[in-house]
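Comments concern the structure below.
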Amino acid sequence: MPAYNEAATIAEIVCSVLESPFTAEVLVIDDASSDGTAAIVQAIADPRLRLLRQDSNQGKGAAIRRGFAEASQTFVIVQDADLEYDPADFHQIMAPLLSGKADVVYGSRFLGDRAHRVLYYWHSVGNRFLTTASNMFTNLNLTDMETCYKAFRAEVLRSFELEENRFGVEPEITAKIARGGWRVFEVGISYSGRTYSEGKKIGWRDGLWAMFCIVAYSAAGDRLQVKRLRPAVRSLTRVRA
């Protein structure tokens, strides 16, 4: 669970995850929060909960990378520290993994009839555009590449190393899963998106960087050596490392 300045929601979401019958371990990676997020986590008394603190603010991707390295269970799921994603959906997400049908499961906000808060139209357009672009380069047929809810068998995470520090980690993970030939399933989930006034952090520059990552981590990107353009593209989008 990556967390950066989530004092308003961190206690509720951590407790909700701990209440799930699927939870054996919760790793909260505090990304150098300045609002007391870490102290709130420390005050929750549960032996399954571990707090990992970053020395400096590095981004969601860096936090996920550390969490993956520290995870000790057979299955791993990414959970945001806000209240946009509901741990009650763990049942649907875990089912294909527990049945042995899947190696990776994505929780899609665009599948099924689960409840969704109605918010930004252009965000939904951007998400679908990035998912389509990712599918073109990975030959997967996902409906929601950018979803937070991604669950894995532990061996999948040991098969690749993550490089992205910020939100580019989503297309990077998807590209590396596709290139590994892992069995990917999607299930519908509920979604209660938050507004920027409520703490939403992702912006249009992250979307541009995600598009770069979709190409850079693909087989075509390797052939064209797209990663060598990273400094120029990063400067253009002003996305911090």
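The values are calculated or read from the model by the stated rules, or taken from the named source; none is laboratory data. Bear in mind the structure is a predicted one, so any value in this text is a computation, not a measurement. Quick reminder, even Gly has a Cβ in these numbers, built from the backbone with ideal geometry, and neighbours come from all protein chains shown.
Worth pointing out:
- Of all residues making up region 26-51, the number that are surrounded by fewer than 18 Cβ atoms within 10 Å (Cβ to Cβ) and in contact with a strand residue (DSSP E or B) (Cβ under 7 Å, 6 or more places away or on another chain): 3
- Selection of region 1-20 for residues being within 19 Å of A154 (Cβ to Cβ) and more than 17 Å from the chain's Cα centre (by Cα) yields only S20.
- The set of residues in region 196-241 that are at pLDDT 85 or above, closer than 21 Å to N127 by Cα and part of a loop (DSSP other than H, G, I, E, B) comprises Y217, S218.
- Candidate set: region 102-130, residues that are among the aromatic types (F, W, Y) and modelled with pLDDT under 85; chosen: the one surrounded by the most Cβ atoms within 10 Å (Cβ to Cβ): Y120
- Complete set of residues in region 159-190 that are more than 24 Å from L83 (Cα to Cα) and of a type in the set (G, A, S): S159, A175, A178, G180, G181
- Within region 96-113, not a single residue is in a helix (DSSP H, G or I) and small (G, A, S).
- Unique match (being outside any helix (DSSP H, G or I) and surrounded by 15 or more Cβ atoms within 10 Å (Cβ to Cβ)) among T143, T174: T143
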